[in-house]
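As structure tokens, the structure follows; a few thoughts come after it.
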Amino acid sequence: MTFSAFKETAMKVVFAVTAAVFILCVIVICVFIFARSVPAIGEIGLFEFLFSTEWAPNNTPASYGIGTMIVGTCFVTAGALVIGVPIGLLMAAFMARYCPKPLYKVMKPMTNILAGIPSIVYGYFGMMVIAPLIRDNFGGTGYSILTASIVLGIMILPTVIGVSESALRALPNTYYEGALALGATHEHAVFMTEFPAARSGILTSVVLGLGRVVGETMAVVMIVGNSTALPDSLLDGVRTMTSHIVLELGYATDLHRGALIATAAVLFVFILFINLLIVAIRRKGRAK
Amino acid sequence: MIRPELRQNVYIRGDAATPKFRVRELDLFYGTFQALKSVDMDIEANEITALIGPSGCGKSTFLKTLDRMNDIIPGCRISGKVELDGADIYAGGMDVNLLRKRVGMVFQKPNPFPASVYDNIAYGPKTHGVRKKSELDDIVESSLRRAAIWDELKDRLKKSALGLSGGQQQRLCIARALAVKPDVLLMDEPTSALDPISTGKIEELAQELKKDYTIVIVTHNMQQAARISDKTGFFLLGELIEFGGTDEVFDAPREKRTEDYITGRFG
Amino acid sequence: MKSVAALLKQKFAPLPSCDLKGRPFVNKPSLGKKLAEYKRHPFSLVMMVLVILSALATAAVVLWIVIHVIMQGAPNLKASLFELEYDSENLSLMPAFFNTLIIAGMSLLIAVPVGVAAAIFLTEYTSSANKFVAVVRMAAETLAGIPSIVYGIFGMILFVEMLFKGFSLIAGILTMAIMILPLVMRTTEEALRAVPDSFREGSFALGAGKLRTIFRVVLPSAMPGIIAGVILALGRVVGETAALIYTSGTVKAVPDSLFGSGETLAIHMYTLSSEGLHVNEAWATAIVLILLVLVINGAAEFISNKFKKRY
């Protein structure tokens, strides 16, 4: 083997190894998080851990149920999607099919700004501006499911808009023309023809937004109220899994700490499911 | 070239004296480029009118002025008059959507929506307010029958239209256009993406459909124009050079340029 | 060749309002006619109104947030905020700023070579049908989807508890490096795929080997796209909080070594705001943070747009 052939092969191996680093990272993250969670969950009991709404690490005996946090995450996620998805999809239609070019040059950077604002700033804005607004207009403390839903709804806008917009733009013109030629109006062609045609991309945008909401931490912890009781209304505070971890990890020890890491593991499993969902949607879209 | 036996099937809707389309002094600009120059044309009902000419001559552009599909092209500006059954389609009171319902269009590349066969056909009627399932079922069946594709597709109405062959897709698109009950069918090189057998089927279908519809077909295939059309218009550089009965245009063209094109001296 | 002036004139010249014979153009309906048409189609009218309302709402929200942050923060951008050392009087953000630079720079130093090399492997050496490639892609997508708090926990377990025994910059750096890996790889991959195959073929035709082709032809052509991706990753680190709180910690000073703890700008803002005493300074820090991220993202956009125009 000549030196240059050796070099070619050696570098190919190096490149392959770097690619394998990705797989390694996923495995290592799984191993470390689950290695710490499984014993904790074993000690608490899986059913108790997931479905008990009693979280009281200081009681004797202590109880470690994250049912409330799971419910909280679900509420906040649903709220954020209800607010963010319709606006995001309509806005995507605006960007792709309504916006004249000069206006687009203004609107696009605006959504980019929305995407660029760090979550801590969203959290602070929610805490200082939106929470008081909710408190003054609807009552309660202002730190509530509603507040978090609004802020997170705003935060997922750029994801929903961006991905849906490119899905719409990727469509061939023929669907639009075909619809128009049958006497459809612009709106009918866009919403009844192009949206269904772009459904896999649009669905992906929604699921990506979902992933962002479920995993969002810093913005949520500042505005969601963090109460460990089940909420009665949208104006009550809840705890999401993420805010739960951030709040208590700083001082938790032993089993308490293990329970928090196990919460992260549950979160991780949620996200894995969401990723699988995206892969499935994409595969289905490609099969078409 | 026109088969006389087909002539006998012709019946005229409405006032026999008015042509289906009456086009007068039609100019069309893309930005500053003039794509159509003072085109005059009368398109008779229940005939097939073929538009021929080299690519870029304006024949497709002209076709699209008949159902106002040029409106969606930015920078496209039109002056002159296009009348459908005596009513100016560019006049203020004209509802573009209803116009396009009356004037169906079939495109160069088959463009079924990525949905089932059934949903493709039902799309148009639904758009125009038909909601009842039984009524939609009837429309779907009759449209597919008219497009002579019912027998092939009746067992796969719920399957995706994208799984059909190119020829089937194009006939599906014709059926889709028929489902909104148009008077006129515009066809923009409907067979250019198809194999000879599918092309034959579409041509046969066009012959059949002209009993009930007025058909305007753009084609770059002169044999096709000669085979199926009653009238032929020859476009060159945005001008309608010659327009008349297909026999005359092909056998005894008045214009030297028409003759040159037809005999293959350019194009 | 037309002169620039002539081209501009052509581009911006108003189109005539009537044709050569002085007849009006008939195919562009006036606004009134369009509205009249909407009256006949209530569904379309509703959708159109909703679309416009959402566009207005989105624009309003962006302006609201940006203007509010500027109004609250700008008056508080005092010189004392930028003193080199932090104390409870000046609440300086400079140590946090330097820590941010260190963590961002070092994590890029680790993640960029790995991410770029992996992207090279995926684009230049393999076909997409390859099983290994499918697994790598799946892994990258999983990494991209993992919430930052989970990265934080992982970093805390592995780097803080097991390896370095305590919060430290290095723990933050390594956590961030893993977190931005998928971003670097994806953007690099896109940049590599945008390089036309004719470039590669030209190089092979001259007898160059694969490596030489990659390093001399493909990578240089893809460089702006790669840089844009790297800058985006930088922005991601600068804005990150949750993954760093429990890895690099919250100490408000630049540590003596990478093994000491120190907070980044985003965490600085979090600690300022959660204490509730330093509202003004938190707003001011927010301005600095947003500006930093926007300038970084803007630079990435600028470079990748430049890149797109080249082919």
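For chain C, averaging the sequence separation of C-alpha pairs within contact (under 8 Å, six or more residues apart) and dividing by the residue count gives a relative contact order of 23 percent. Computed across the protein assembly as shown, the Kirkwood radius stands at 31.3 Å (inverse of mean 1/r, all Cα pairs). Descending by average beta-carbon neighbour count within 10 Å, the peptides B:173-180, A:246-253, B:115-122 line up as B:173-180, B:115-122, A:246-253, the highest first. Based on the Stokes-Einstein relation at 25 °C and a viscosity of 0.890 mPa s, and on the Kirkwood radius from alpha carbon pairs, segment A:74-254 is assigned a translational diffusion coefficient of 139 µm²/s. Panel note: the C-alpha atoms of segment A:165-237, placed on their principal axes, show extents of 57, 23, 15 Å (largest first). For chain A, complete DSSP H runs whose alpha carbons reach 27 Å or more along their own long axis and whose mean Kyte-Doolittle score is 0.5 or higher are A:3-44, A:67-93, A:145-169, A:254-287.
Projecting the Cα atoms of C:Ala104, C:Leu174, C:Ala205 onto the charge dipole of segment C:72-206, computed from C-beta unit charges around the Cα centre, puts C:Ala205 farthest toward the positive end.
Evaluate E = 1/(1 + (r/R0)^6) for B:Asp137 and A:Ser63, where r is the Cβ-Cβ distance and R0 equals 56 Å; express this FRET efficiency to the nearest 0.05. About 0.40, to the nearest 0.05.
Taken about its Cα centre, chain B carries a charge dipole of about 860 debye when Lys and Arg each add +1 at the Cβ and Asp and Glu each add -1 at the Cβ. Only DSSP H runs of four or more residues enter the estimate; each adds -39500 (n - 2.57), and after division by the residues of chain B the mean residue ellipticity at 222 nm equals -9500 deg cm²/dmol. Shown here are the Rg and Dmax of the Cα trace of segment C:39-90, at 21.7, 68 Å. Using Cβ point charges alone (K and R +1, D and E -1), the dipole size of segment C:236-311 about the Cα centre works out to roughly 660 debye. Quarter the surface of the alpha carbon convex hull of segment B:157-267 and you get the mean projected area, 8.1 square nanometres. Using the Kirkwood formula over every pair of different C-alpha atoms, what hydrodynamic radius in Å results for segment B:77-226? About 16.0 Å, per the Kirkwood formula over Cα pairs. Among the chymotrypsin sites (Phe, Trp or Tyr not before Pro) within segment B:157-266, those in coil by DSSP and having at most 13 neighbouring Cβ atoms inside 10 Å are B:Phe266.
Cα convex hull, chain B: 136 Å³ per residue, rounded to a whole number.
From the alpha carbon centroid of segment A:192-244 to that of segment A:44-72 is 22 Å.
If R0 is taken as 22 Å, the Cβ-Cβ distance between A:Tyr104 and B:Tyr30 corresponds to a FRET efficiency of 0.50.
For segment A:245-288, place one equal point scatterer on every Cα, skip the solvent, and apply the Debye formula. What is log10 of I(q)/I(0) at q = 0.26 Å⁻¹? Rounded to two decimals, the profile gives -0.83.
Report, in debye and to the nearest 20, how large the dipole of chain C comes out about its Cα centre when Lys and Arg carry +1 and Asp and Glu carry -1 on their Cβ.
2360 debye
Summing both sides, the accessible surface hidden between B and A at a 1.4 Å probe radius is close to 1600 Å². Based on DSSP H segments of at least four residues, each scored -39500 (n - 2.57), chain C has a per-residue ellipticity at 222 nm of -22000 deg cm²/dmol. Rounded to the nearest 10 square angstrom, C:Ile170 shows an accessible area of 30 square angstrom against a 1.4 Å probe. Name the residues of segment A:194-226 whose accessible area, probed at 1.4 Å, falls by at least 50 Å² once all protein chains are in place instead of their chain on its own? Buried-area filter returns A:Met218. Selection among A:Gly123, A:Cys99, A:Met222 by position relative to the dipole of chain A gives A:Cys99 as farthest towards the positive end (Cβ unit charges, Cα centre).
In this structure, A:Ser227 and B:Lys159 have a Cβ-Cβ separation that, at R0 = 60 Å, corresponds to a calculated FRET efficiency of about 0.70.
For the segment C:93-100, counting C-beta atoms of other chains within 10 Å of every residue's C-beta and taking the mean gives 0.
Report in % the part of the accessible area of segment B:4-262 that belongs to carbon and sulfur, leaving out ligands and nucleic acids; probe 1.4 Å.
50 percent
Kirkwood analysis of the Cα pair distances in segment B:210-267 returns a hydrodynamic radius of 11.8 Å. Distance from the Cα centroid of segment C:132-177 to that of segment A:115-145 is 30 Å (rounded to whole angstrom).
Volume per residue for segment A:101-167 equals 98 cubic angstrom (convex hull of Cα atoms).
Pairs of Cα atoms nearer than 8 Å and 6+ residues apart set the relative contact order; for chain B it is 28 percent. Contact with the other protein chains removes 40 Å² or more of accessible area, compared with the isolated chain and a 1.4 Å probe, from these residues of segment C:258-299: C:Met269, C:Tyr270, C:Ser273, C:Trp283, C:Ile290, C:Leu294. Our summary gives segment C:232-294 a relative contact order of 32 percent, counting only alpha carbon pairs under 8 angstrom and 6 or more residues apart. Across every direction, the projection of the convex hull enclosing the Cα atoms of chain C has a mean area of 27.3 nm².
The values are calculated or read from the model by the stated rules, or taken from the named source; none is laboratory data. Remember, it's a predicted structure, so these values are computed and weren't measured experimentally. Because the Cβ atoms are built from the backbone with ideal geometry, glycine has one as well, and the counts that use them run over all protein chains shown. Surface accessibility is based on the protein's heavy atoms, side chains included, excluding ligands, DNA and RNA. Shrake-Rupley method; radii C 1.70, N 1.55, O 1.52, S 1.80 Å.
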